[in-house]
Amino acid sequence: IVVDKGGHRHFMLKEIMDQPQAMTAALKDRADFANGRPADVMQLERVVLIGCGTSLHAAQVGRHYIERLAGIPAEAESASEFRYRDPIIGPRTLVVSIGQSGETADTVAAMHLAREKGATLITICNAEESQAARVADGALYMHAGLEVGVASTKTFVASLTILQLLSVYLGQLRGKLDAETTRRLVDQMARGPGLIGEVLAEANLYSSLARRIGHYDNFLFLGRGANAAIASEGALKLKEISYIHAEGYPAGEMKHGPIALIDPEMCTVALAPRDDLRDKTLSNIKEVKARGGLVVAVLTKGDDEAASEVDFPLFIPQAPDLLMPLVTTVPLQLLSYYIALLRGCDVDQPRNLAKSVTVE
Ligand code: G6P
C-alpha cells in the first residue's frame, strides 16, 4: 500500500480533509435495506455500545442514534469499565463494539465477555481481519482507508456514519421508521459529505483563530445531546496533539463545578448549532461571558444573535439533526490541528500515545 500525505504537511490534516470521502465510503452500498423482519432484531431489548478513546465518543453519539431512530434503550460505556463490571447482558442484548484498529486490548476483552454472556455481538471497525472482526458475529467495516495519524479523525466520522445506518436499519426492521421516514433519513445522510466539505473549505480560518487562542493553557468544551459527546471528542483531540489541558462537559453540568474555573485565563469552546438545545447552550455561553471567560462557539451560519454573544464564532452550515455531530466535529479537529502546529507539537506522533493500544 502506498501511503502519502497527499501534499499535506501531516497525515492528520490529510485525514481530516479526506472525511467527505470517508463518509461516502462508509455509506456506499449500504443504504439498501434488506426486507423482512428477523425475529432476533424484534427481540432486542437493549443495545450496549462500547469502545475506547475516540471510539468511546462515537459510542456515546451512537446511543442517541439508536434510541431516537431504532427506539431501543441504549447505553455507551468505556470497554475498560465494561469488562470488569460483570454487566447484566444476555441474548436480547446487542453489543456493538467500535474501534479503528479492532485490536484495542480492552475492547477485545470486553467483546469476549459479551460473547461468554450470550449477547449478539457486532463490531464497527476499520481494520479488516482484526481481532474484533474475528470475535464478533458480524462486522460493519468503515472502508475509510489506512489512518496514520495517532489521533483518530476520519474513522470517527466513518463510525458515526455506520452508527446512523445501523440505527436506521434497526428502526426500519422494528417498524419504528416507516418507509417514507427511512427514505428521508437516507437522503439526509447522503448530504453529509457535502456539508463536511463546506466546513473544510474554510480550513484557513482555523489557522488564524489558532493564533488568537493557541496560548491558552486551559480549555473547556461544552455541548448538549449528541454534541456533549462531540465536546468530549474536541477536548480529547486538543489534549492528544497539543498537550493542552482540556475538558469536555455536558453544558448543563457546567454549573455543578466547571463554572468555578471560568476566568479570563479559560477558553471555552461551545457547540451551539441551531437545534432544539441551542437556546439552552446559549444561556451557558452567557454565563461564561458574564464571568470574564473567552468563548469560541460553533454556530449555524446566519445565527447572528448567538454570534453577537461570543468572542469567536465558527460557522457551520445548517444541517439536519442526524448529521449535526458529524459537522460540528470538524471545526474542533481543525482547531486542534492548527493549535498543535503553532505550538510545534508532533501532530502525527504525539508523545506517550500509541495508535493502537494492544496491551492493557
Ligand atoms: C488509542 C489511540 C486513539 C484511539 C484509541 C482507541 O488511544 O491513540 O486515537 O481512539 O486508541 O482505538 P481503536 O482502534 O479501538 O478505535
For Met111, are the conditions met, namely being crowded, with 21+ Cβ neighbours inside 10 Å, hydrophobic (A, V, I, L, M, F, W, C) and within 13 Å of the ligand (Cβ to nearest atom)? yes
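Matching residues to (1) more than 21 Å from the chain's Cα centre (by Cα); (2) surrounded by fewer than 22 Cβ atoms within 10 Å (Cβ to Cβ); (3) under 30 Å from Arg351 (Cα atoms); (4) touching a residue at least 12 places away in the same chain (Cβ under 8 Å):
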{"residue": "Ile262", "(1), (2), (3), (4)": "yes, yes, yes, yes"}
{"residue": "Asp303", "(1), (2), (3), (4)": "yes, yes, no, yes"}
{"residue": "Ser308", "(1), (2), (3), (4)": "yes, yes, no, no"}
{"residue": "Ala319", "(1), (2), (3), (4)": "no, no, no, yes"}
Scan of the stretch 40-63 for residues that are within 16 Å of the ligand (Cβ to nearest atom) and either part of a helix (DSSP H, G or I) or out of contact with any strand residue (DSSP E or B) (no Cβ under 7 Å at 6 or more places or on another chain) (or both), ordered by number: Gly53, Thr54, Ser55, Leu56, His57, Ala58, Ala59, Gln60, Val61, Gly62
Do we find that Lys239 is of a type outside the set (Val, Ile, Thr), at pLDDT 95 or above and more than 21 Å from Leu332 (Cα to Cα) in this structure? no
Restricting the stretch 90-108 to residues that are within 17 Å of Leu165 (Cβ to Cβ) and β-branched (Val, Ile, Thr), the residue that is farthest from the ligand (Cβ to nearest atom): Val96
Anything in the stretch 69-81 that is touching a helix residue (DSSP H, G or I) at 6+ places or on another chain (Cβ under 8 Å), part of a helix (DSSP H, G or I) and more than 13 Å from the ligand (Cβ to nearest atom)? List them, or say none. Leu69, Ala70
Identify, please: which residue in the stretch 111-136 is in a loop (DSSP other than H, G, I, E, B) and closer than 20 Å to Leu166 by Cα and is, among those, farthest from the chain's Cα centre (by Cα)? Ala119
Somewhere in the stretch 119-130, is a residue touching a helix residue (DSSP H, G or I) at 6+ places or on another chain (Cβ under 9 Å), modelled with pLDDT under 95 and under 23 Å from Asp321 (Cβ atoms)? no
Name every residue in the stretch 249-260 that is in contact (Cβ under 8 Å) with a residue 24 or more places away in the chain and either within 16 Å of the ligand (Cβ to nearest atom) or farther than 26 Å from Thr155 by Cβ (or both), in order of residue number. Ala251, Gly252, Met254, Lys255, Pro258, Ile259
Could you tell me which numbered condition Gly344 fails, if it satisfies all but one of (1) surrounded by fewer than 20 Cβ atoms within 10 Å (Cβ to Cβ); (2) of a type in the set (Gly, Ala, Ser); (3) within 20 Å of Gly248 (Cα to Cα)? (3)
Of everything in the stretch 25-37, what is within 19 Å of Arg184 (Cβ to Cβ) and modelled with pLDDT of 70 or more? Give them in sequence order. Leu27, Arg30
Name the residue, out of Leu332, Leu341, that is part of a helix (DSSP H, G or I) and within 16 Å of the ligand (Cβ to nearest atom). Leu332
Taking the criterion of being part of a helix (DSSP H, G or I), under 11 Å from Phe221 (Cα atoms) and not hydroxyl-bearing (Ser, Thr, Tyr), would at least one residue in the stretch 288-311 satisfy it? no
Among (1) out of contact with any His (no Cβ under 6 Å at 6 or more places or on another chain); (2) more than 16 Å from the ligand (Cβ to nearest atom), Asn218 falls short only on (1)
Could you count how many residues in the stretch 150-195 are assigned to a helix (DSSP H, G or I) and touching a residue at least 12 places away in the same chain (Cβ under 8 Å)? 30
Working carefully through the options Gly223, Gly192, find the one that is crowded, with 21+ Cβ neighbours inside 10 Å and farther than 12 Å from Leu326 by Cβ. Gly223
Has the stretch 115-124 got any residue that is away from the ligand (no atom under 15 Å from the Cβ), surrounded by 17 or more Cβ atoms within 10 Å (Cβ to Cβ) and charged (D, E, K, R)? no
Only one of Ala229, Ala246, Ala235, Ala210 is closer than 23 Å to Thr153 by Cα, touching a helix residue (DSSP H, G or I) at 6+ places or on another chain (Cβ under 6 Å), among the hydrophobic types (A, V, I, L, M, F, W, C) and without any contact (Cβ under 8 Å) to a residue 60 or more places away in the chain. Can you tell me which? Ala246
Among (1) buried (at least 18 other Cβ atoms within 10 Å of the Cβ); (2) closer than 18 Å to Arg30 by Cα; (3) within 16 Å of the ligand (Cβ to nearest atom), where does Glu128 come up short? (1)
Which of the numbered conditions does Leu341 fail, given that it passes all the others? Conditions: (1) under 16 Å from Gly223 (Cα atoms); (2) touching a residue at least 60 places away in the same chain (Cβ under 8 Å). (1)
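The values are calculated or read from the model by the stated rules, or taken from the named source; none is laboratory data. This structure is a prediction, so every number in the text was calculated from the model and none was measured. Neighbour counts are summed over all protein chains in view; Cβ atoms, including those assigned to glycine, are modelled from backbone coordinates with ideal geometry.
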